[in-house]
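Participant: This is the structure I have questions about; it appears just below.
The values are calculated or read from the model by the stated rules, or taken from the named source; none is laboratory data. Every value quoted in this text rests on a predicted model; they were computed, and no experiment measured them. Ideal geometry is used to build each Cβ from the backbone, glycine not excepted, and the neighbour counts take in all protein chains shown. Quick note on the areas: whole protein, heavy atoms, side chains included, nothing else; ligands and nucleic acids left out. Shrake-Rupley method; radii C 1.70, N 1.55, O 1.52, S 1.80 Å.
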Amino acid sequence: MNQLYDKGLFHSWVPRPLALLLIGVFELPVLAAAGVYTGNISDMVGSLGTYTEVISMANYANVIGMGAVVPVILRLEWRFRGKELLLGCFLALAALSVLCAMTTEPLVIVGASFLMGIFKMLALLKMIPVIMFLITPTGDRGKFYSFYYTISIVTSQLVIWGTTGLAYKSEWQAVYYAIAGILLINALLAVIFMHNKRSARAVSLKGIDWWSMAIFAAAFLLLDYVLVFARQQAWFSSTSIQWAAVGFVLMAGLFIWRQLMLRHPFIDVRVFRKTPVWHGLLLLMSLGVYMGTSAMQTTFTTGVLGYDNYTNAILYAWMIPGIIAGGIMGAVGFKRGWHLKYFIFGGYLCFMAYSVSMYFLMAPVIDIEYLYAISVVKGLGMTVLFIGIWYYAMSTLPMDEMLSAVSVLMVVRTFVGVALFAAVYSWAQYQLQWQSAANLATGMDAVAYDGGMALYGQLQVQAVLDATKTLYGYVCIGGLFILTYVLTHHFGRLDFRRMVTISRAISGTPLKARFRRRRDDDEGDAVAAAAAAA
């Protein structure tokens, strides 16, 4: 309980219920400050006179900023007081939100989104350790991930629904102004209720490798440009894409070489030699196979079913029951020692069920209740995999190595995997759509039609349906390979005594064996675990 006051947060006269309420009030607008609001992206693109790809690039830049600041979190925590850190983050996020609302230059929004990611992560990692202590005083990461991922994802979905409704009834700039106003109120509350004590001895920022941080950010921003603009510029037919790809490779190579040469590296790249981290990286990349289908679903619901942005937001909000169910499954599973392999397998199975359902629901008219149901399943699978994969990748790492791994894995999970497969799906859908239109149009000019141009709209709808259904079929096939990989991986549970038991059972020797499930009771540093959850 004293952690509420000892970690540099609130005055001792603040009651515990009020302190918990303030943490929730502080965290909500920080989660909403995602850099770019895309609930009414068509109006935003039209107002700025730019491409939709620029808005997507800004969203991913926000994630890159979050990942770039993680390795220096502890140094910043020790250098500044909690009140200084949170107050500065609130004011910076408010100023950047106003800047995004007022600017007419798309590149300014990209840069502001990157900076918002940095301040967003700093603010979250000042509050999350307190939340972690309240959820699990013993530092049980499995329990903490289960509860915090559920809370944060549900909150994010509610924020998306609320901001979409606000933009739908007004303008997209109103969302930025509203978030900025709430952040300024938070800054005032921080001045009133937070004390100015330090939670640790002040240390200097001297020694932080700012060059590595800059190279890390530059490399992923170049990759951001490549993946987002690939289809729009015909992939590597574009000179800009070619140079950006070469720049990413050079920057990534320079970054790795620099980390291997430094005595105290910005990110310890050797941590990726460890089996859980390496396989966790592959699993997070494979998660992008399903997360990248969001654009396909939006194309279907808007282009075929005719839903507006607010209806789509409600549709995504139906993931919340599944998200809550996934959090409950995680808490129960870690308490009872469920095998991590089958927990993660269940998450991928939910995504497989979602893909198969979407494949069979490709029709010009369907009841929206069917989409509500599969949204619940999608939310369940997403939460289970976020909890399970992250727990597996981080379960054997000490605090310093965890911060190194989190910085890269966060960017891979939320940006690289999603953007890569989204780019592939976008390109494939475009090609398949025109191929389907050509197939449907074959022989149409041989027959006389009254008002033949009226058939063009129907042909386009059918082409979109055919292309989207084909892509979901490929996703289902790819999901079979992912499920096979999950079932054949041991997830750190290779038991030689069990291998002997199986060998004797196969040879005909009757044996009775009781298999004891292992649990990870690692009580690692709260800040590092919080960074993993953020």
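Participant: Would you kindly identify the helices (runs of 4 or more DSSP H) lying entirely within region 63-145 that contain at least 1 residues that are more than 25 Å from F216 (Cβ to Cβ)?
Facilitator: It comes to 82-102, 106-135.
Participant: If you go through region 289-316, how many residues are open to solvent by 30 Å² or more (accessible area, probe 1.4 Å) and out of contact with any Ser or Thr (no Cβ under 8 Å at 6 or more places or on another chain)?
Facilitator: Number of matching residues: 8.
Participant: On to the next question. I'd like to check something: does region 29-44 contain any residue that is modelled with pLDDT of 70 or more and open to solvent by 40 Å² or more (accessible area, probe 1.4 Å)?
Facilitator: Among the residues of region 29-44, not one is modelled with pLDDT of 70 or more and open to solvent by 40 Å² or more (accessible area, probe 1.4 Å), which makes the answer no.
Participant: Still on this structure: Could you check region 346-366 and list, in sequence order, the residues that are open to solvent by 40 Å² or more (accessible area, probe 1.4 Å) and closer than 18 Å to L282 by Cα?
Facilitator: Matches in region 346-366: L349 only.
Participant: If the Cβ limit is 8 Å and pairs must be 6+ apart or interchain, which residue in region 371-394 that is more than 17 Å from V418 (Cβ to Cβ) pairs with which residue that is modelled with pLDDT under 85 and among the charged types (D, E, K, R)?
Facilitator: Y391/R141; Y391/D520; M394/R141
The rows are residues; the columns are (1) acidic (D, E); (2) at pLDDT 75 or above; (3) under 23 Å from V332 (Cα atoms); (4) open to solvent by 30 Å² or more (accessible area, probe 1.4 Å).
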residue	(1), (2), (3), (4)
P137	no, no, yes, yes
F147	no, yes, yes, yes
I151	no, yes, yes, yes
S156	no, yes, no, yes
Y176	no, yes, no, no
L183	no, yes, no, no
A190	no, yes, no, no
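Participant: Go through (1) more than 22 Å from the chain's Cα centre (by Cα); (2) part of a helix (DSSP H, G or I); (3) more than 29 Å from A467 (Cα to Cα) for P321 and report which single condition fails.
Facilitator: Of everything listed in (1) more than 22 Å from the chain's Cα centre (by Cα); (2) part of a helix (DSSP H, G or I); (3) more than 29 Å from A467 (Cα to Cα), P321 misses just condition (1).
Participant: Spot the failing condition for E369; the list is (1) open to solvent by 40 Å² or more (accessible area, probe 1.4 Å); (2) in contact with a helix residue (DSSP H, G or I) (Cβ under 6 Å, 6 or more places away or on another chain), and only one is missed.
Facilitator: (2)
Participant: Continuing with this model, one more query. Would you confirm whether or not region 408-425 contains a residue that is free of Cβ contacts under 8 Å to residues at least 40 places away in the same chain and either closer than 24 Å to F345 by Cβ or not in a loop (DSSP other than H, G, I, E, B) (or both)?
Facilitator: no
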